[in-house]
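The values are calculated or read from the model by the stated rules, or taken from the named source; none is laboratory data. All values reported here derive from a predicted model rather than from experimental measurement. No Cβ is skipped: glycine too gets one built from the backbone with ideal geometry, and neighbour counts run over all protein chains shown. Accessible surface areas use protein heavy atoms only, side chains included; no ligands, DNA or RNA. Shrake-Rupley method; radii C 1.70, N 1.55, O 1.52, S 1.80 Å.
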Amino acid sequence: MTTDQIRGDEYQVEYDSGSSTVRFQGTVRLQTTDDYAPVNELLLRAHDAAAGGQLSLDFRQLQFLNSSGISMVSKFVIGARKRDQVRLTVLGNRDIYWQQKSLGNLQKLWPNVQIEIL
Amino acid sequence: MSTATETLGAWEDLAGAAALSHQRMDLDAAQLEQYWRRCSLSADFWSRYTALFVPGDAPRGRLSQNNLAHVLSYLLNELFENCAKFSDGPIRTVRYECVVRPDDLVFTLTNHIAPERQPGFARFVGELLSADLEALYIQRLEESVESGAGGSGLGYLTLMKDYGIRFGFGFAPAAEGSVAVTVQAHVQLEEH
Ligand SMILES: Nc1ncnc2c1ncn2[C@@H]1O[C@H](COP(=O)(O)OP(=O)(O)OP(=O)(O)O)[C@@H](O)[C@H]1O
Ligand SMILES: [Mg+2]
């Protein structure tokens, strides 16, 4: 089992190969596409490692994500749809308002995405 | 605001409006950009401050204090980020104002741009105000994957589509050949 992680002042993103999960924590409101590149690259590594199986994106401990971050995650989902190599599950938290409101959008981009708002 | 203001969308003249509270703060766009986390910090402060006007256990159909604080933090962070990213020209002041009323909140952010930027922004706004938001949202994302373009252009779209926030936009000539851009966000306390 390996973990691959990125830490910022207010957030942490980690890939846990054992559970094939990318876990987001804290508040992610980065400034530019370049600032988001490391997170995007972590997602792509997780995708490649999970090819042929399943991958979970766990947002349950993510308080805030700005629209640039929503865009980055959305584009990752479109990329995964185009490659069609993983079964993607998205985990959300019903007590965090933006997740109730916006996580469902990912399924509109790729109907095969399974969304579980717990 | 002067009569020379050109407006689009849900614009309301708030001069002298009756309200439970008026808030105002001036910031510097260049500093917001340099110390980026100030966008998030300012958004968190004003969202929590303002949400205290509504009860923790709101009646059915009204936003609870927690959910309101959450929406406002997302909204204000997007608006401060835009002022930081898109201010242009000699005037760097960013003005935050808020009017709190029993059934709605109106946030007004003003920043300045060079006149040649106005047509592009006005075109963007025109499309936003007349579009099918669901379709535009998907289209923007699919196109930016195809083109590999970096920008996202999802800020106002997510706020309108997912939270039912209505926007007004004003453009007015300002000192030193600048254009003052004013963005008004109308938040209903009734849940969307
Ligand atoms: N305050 C502003 N002053 C000048 N131009 C603005 C302002 N706000 C938005 N714009 C223009 O409108 C466009 C759309 O803004 P929006 O917030 O929807 O997307 P974005 O900031 O480009 O990306 P995102 O918010 O998704 O990271 C911007 O790209 C910019 O050209
Ligand atoms: Mg924006």
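Considering only the stretch A:80-99, I want to know if a residue exists there that is outside any helix (DSSP H, G or I), within 13 Å of the chain's Cα centre (by Cα), surrounded by fewer than 17 Cβ atoms within 10 Å (Cβ to Cβ) and of a type outside the set (K, R). Yes, the stretch A:80-99 contains at least one residue that is outside any helix (DSSP H, G or I), within 13 Å of the chain's Cα centre (by Cα), surrounded by fewer than 17 Cβ atoms within 10 Å (Cβ to Cβ) and of a type outside the set (K, R). Evaluate the following for A:S56: is it in a helix (DSSP H, G or I), hydroxyl-bearing (S, T, Y) and on the phi < 0 side of the Ramachandran plot? Considered against the rule, which asks whether it is in a helix (DSSP H, G or I), hydroxyl-bearing (S, T, Y) and on the phi < 0 side of the Ramachandran plot, A:S56 comes out as no.
In the stretch A:2-36, how many are part of a helix (DSSP H, G or I) and open to solvent by 30 Å² or more (accessible area, probe 1.4 Å)? Can you show your working first?
Within the stretch A:2-36, the first condition is being part of a helix (DSSP H, G or I), and the residues that meet it are A:33-36.
Now drop any that are not open to solvent by 30 Å² or more (accessible area, probe 1.4 Å), which leaves A:33-35.
Residues in the stretch A:2-36 being part of a helix (DSSP H, G or I) and open to solvent by 30 Å² or more (accessible area, probe 1.4 Å): 3 in total.
The residues of the stretch B:144-163 that are at the interface with another protein chain (Cβ under 10 Å from one of its Cβ atoms) and modelled with pLDDT of 95 or more, listed by number, are B:L154, B:G155, B:Y156, B:L157, B:T158, B:L159, B:K161, B:D162, B:Y163.
Yes/no per residue for (1) within 14 Å of another protein chain (Cβ to nearest Cβ); (2) under 16 Å from B:V179 (Cα atoms); (3) within 16 Å of ligand 2 (Cβ to nearest atom):
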position: B:L63; (1), (2), (3): yes, no, no
position: B:H70; (1), (2), (3): yes, no, no
position: B:Y96; (1), (2), (3): no, no, yes
position: B:R101; (1), (2), (3): no, no, no
position: B:D104; (1), (2), (3): no, no, no
position: B:P115; (1), (2), (3): no, yes, no
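State whether one or more residues within the stretch B:146-155 are within 16 Å of ligand 1 (Cβ to nearest atom), over 12 Å from the mean Cα position of the chain (by Cα) and of a type in the set (S, T, N, Q). The answer is yes, given that some residue of the stretch B:146-155 is within 16 Å of ligand 1 (Cβ to nearest atom), over 12 Å from the mean Cα position of the chain (by Cα) and of a type in the set (S, T, N, Q).
Report whether or not B:D162 is under 25 Å from B:P55 (Cα atoms), free of Cβ contacts under 8 Å to residues at least 60 places away in the same chain and of a type in the set (D, E). Judged against the criteria, B:D162 is a match.
When the residues of the stretch B:156-175 are narrowed to those that are of a type in the set (A, V, I, L, M) and within 11 Å of ligand 1 (Cβ to nearest atom), which ends up most open to solvent (accessible area, probe 1.4 Å)? It would help to see each step written out before you state the result.
So the first thing to find is which residues in the stretch B:156-175 are of a type in the set (A, V, I, L, M), and the list is B:157, B:159-160, B:165, B:172, B:174-175.
Checking which are within 11 Å of ligand 1 (Cβ to nearest atom) leaves us with B:157, B:159-160.
Working: B:L157: 1, B:L159: 1, B:M160: 29 Å².
In this case the residue turns out to be B:M160.
The residue list B:L75, B:L141 contains one member that is within 14 Å of chain A (Cβ to nearest Cβ), touching a strand residue (DSSP E or B) at 6+ places or on another chain (Cβ under 9 Å) and within 16 Å of ligand 2 (Cβ to nearest atom), which is B:L75. Among the residues of the stretch B:117-135, the one identified as within 11 Å of chain A (Cβ to nearest Cβ) and either within 11 Å of ligand 1 (Cβ to nearest atom) or free of Cβ contacts under 8 Å to residues at least 12 places away in the same chain (or both) is B:A135.
Answer yes if at least one residue in the stretch B:52-69 is within 21 Å of A:V28 (Cβ to Cβ) and either of a type in the set (G, A, S) or within 16 Å of ligand 1 (Cβ to nearest atom) (or both), and no otherwise. Working first, answer last.
Filtering the stretch B:52-69 for residues within 21 Å of A:V28 (Cβ to Cβ) gives B:66-67, B:69.
Filter once more, so that each one left must be either of a type in the set (G, A, S) or within 16 Å of ligand 1 (Cβ to nearest atom) (or both): B:69.
Within the stretch B:52-69, one or more residues are within 21 Å of A:V28 (Cβ to Cβ) and either of a type in the set (G, A, S) or within 16 Å of ligand 1 (Cβ to nearest atom) (or both).
Check B:I113, B:I138, B:I91 and return the single one that is among the β-branched types (V, I, T) and free of Cβ contacts under 8 Å to residues at least 40 places away in the same chain. Full working, then the answer.
On the way: B:I113 fails: free of Cβ contacts under 8 Å to residues at least 40 places away in the same chain; B:I91 fails: free of Cβ contacts under 8 Å to residues at least 40 places away in the same chain.
Step by step, each of B:I113, B:I138, B:I91 is checked, and only B:I138 is among the β-branched types (V, I, T) and free of Cβ contacts under 8 Å to residues at least 40 places away in the same chain.
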